[in-house]
Amino acid sequence: MTSPHERLRDLGLTLPKPPAPAAAYVQWRIVGIGDGRSLLYVAGQISRDGDQVLSGRCPDQVSIAEAAHRARQCALSVLSQIEAAVGLDNVVEMSQLMGFVLSQDGFGDQPKVMNGASELLIEVLGAAGRHTRAALGTNALPFSATVEIAAVAVVRSPLT
Amino acid sequence: MTSPHERLRDLGLTLPKPPAPAAAYVQWRIVGIGDGRSLLYVAGQISRDGDQVLSGRCPDQVSIAEAAHRARQCALSVLSQIEAAVGLDNVVEMSQLMGFVLSQDGFGDQPKVMNGASELLIEVLGAAGRHTRAALGTNALPFSATVEIAAVAVVRSPLT
Amino acid sequence: MTSPHERLRDLGLTLPKPPAPAAAYVQWRIVGIGDGRSLLYVAGQISRDGDQVLSGRCPDQVSIAEAAHRARQCALSVLSQIEAAVGLDNVVEMSQLMGFVLSQDGFGDQPKVMNGASELLIEVLGAAGRHTRAALGTNALPFSATVEIAAVAVVRSPLT
């Protein structure tokens, strides 16, 4: 069994610096649920490359393939928040992903876009990365980001 | 007290075969919270009739009444996932429904649409089916489905 | 340390009467998670002033500043539901806010709007009010409300 960090290295990926909140909120909160485990709520992570927001609507301004890549960037930001909160080695499972894709009216391939995020989580976390998911479209997102993903994970935590 | 399965039968309803995930995710995850109970996260269920997606925007392409019927189909899919996960008899309560209705700009009757789902849950689960809910509109959903509903339930579970 | 009720008074704020559900659901559900604590799920609260829905799209019909004020009203409704459920003094922390802003295509300042809600929670609850958040846009909300916010809190509860 390789660790999440080894898998990230094997994939040639580096976790981004966990983005600071855009405003008056926090990026994660931990809720003990007993048995040494906690729910970890992760704030909505928008698609970005470093400090630059990856913006534009799918598919008229941003292709499905590129949007899927951006969903993958969101998932990397989710992982970077989890790393900052408790460390990736402490992920028991990803429970829920809520993914929103900036969509042209009538666009219906949000699942293909969100697969960019889903597959990354499984590549990095293995079976622990398997998650429930809602793939949704919307006409407007912060800074016109192409994708925004919020998550709930179960983690081992010294706090409980 | 009749059981959920008896109520389904009395309503003339059959649970659909639990739909397979559209992509790289799972339909439910169970998180033990102690005392023999678990949170059950259920992935977003889109409106469908068997293998066919029930698509179209409310109210210009699909009437409110028909959209409510489709929300009810989503709720049946949620129930079919719970049945597959732990069995309907083990539902302690439905905690949260997040419901998204494919909406024309300016449409504001999402609560009427979502009542199709809410009422079905109460008809089948009784008091355990009473839930918190967010009824939301959106301009785009997977496969242009009319409704998508994600849920969190509390269930009795042998896993905890 | 002042109490949430003292802070509300110092802010010149009065909790609204907790709005009744618009339809077939409940405003909150409590899920024990051990150690005398519970998750409290709060249903989506739309922007309103008393019985009147505060409707209109941002920013063409409602300014960002006014929309932020309406997000603040949503947060007050969230607090009024928590007060009705377990009392504000029993809030351990706000875990998650999901906020939806009725948005013109291309609008991207949802974070500024949602700050109206986020800042209110911190003003009233102090450190316990710090929360994760997803700020999202949408083309359609119930009754064309400007903002809708659903929440999950951790509370001390005699039920667990």
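The values are calculated or read from the model by the stated rules, or taken from the named source; none is laboratory data. Model, not experiment: these values are computed from the prediction. Note: ideal-geometry Cβ built from the backbone for every residue, glycine included; neighbour counts use all protein chains shown. Just so you know, the surface numbers come from the protein's heavy atoms only, side chains and all, with ligands and any DNA or RNA stripped out. Shrake-Rupley method; radii C 1.70, N 1.55, O 1.52, S 1.80 Å.
Data table
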| item | result |
| --- | --- |
| The range A:137-155, residues that are within 15 Å of the chain's Cα centre (by Cα) and within 9 Å of chain C (Cβ to nearest Cβ) | A:A145, A:E148, A:I149, A:A150, A:V152 |
| From A:V124, A:V86, residue being more than 9 Å from every other protein chain (Cβ to nearest Cβ), surrounded by 24 or more Cβ atoms within 10 Å (Cβ to Cβ) and not small (G, A, S) | A:V124 |
| Output for the range A:56-72, where each listed residue is under 14 Å from the mean Cα position of the chain (by Cα) and in contact (Cβ under 8 Å) with a residue 60 or more places away in the chain | A:A67, A:R70, A:A71 |
| Conditions (1) touching a strand residue (DSSP E or B) at 6+ places or on another chain (Cβ under 7 Å); (2) small (G, A, S); (3) within 14 Å of chain A (Cβ to nearest Cβ); number of the one not met by B:G106 | (1) |
| Residues within the range C:113-133 that are among the polar types (S, T, N, Q) and in a helix (DSSP H, G or I), tallied | 2 |
| Cβ-Cβ under 9 Å pairs, at least 6 apart or on other chains, the range A:1-14 side at pLDDT below 90, far side part of a helix (DSSP H, G or I) and open to solvent by less than 70 Å² (accessible area, probe 1.4 Å) | A:M1/A:G126; A:T2/A:G126 |
| Subset of the range B:27-55 [in contact (Cβ under 8 Å) with a residue 12 or more places away in the chain, more than 8 Å from chain A (Cβ to nearest Cβ) and open to solvent by 10 Å² or more (accessible area, probe 1.4 Å)] | B:I30, B:D35, B:G36, B:R37, B:I46, B:R48, B:D49, B:G50, B:V53, B:L54 |
| Flag for B:S80 being of a type in the set (G, A, S), surrounded by 19 or more Cβ atoms within 10 Å (Cβ to Cβ), modelled with pLDDT of 95 or more and touching a strand residue (DSSP E or B) at 6+ places or on another chain (Cβ under 7 Å) | no |
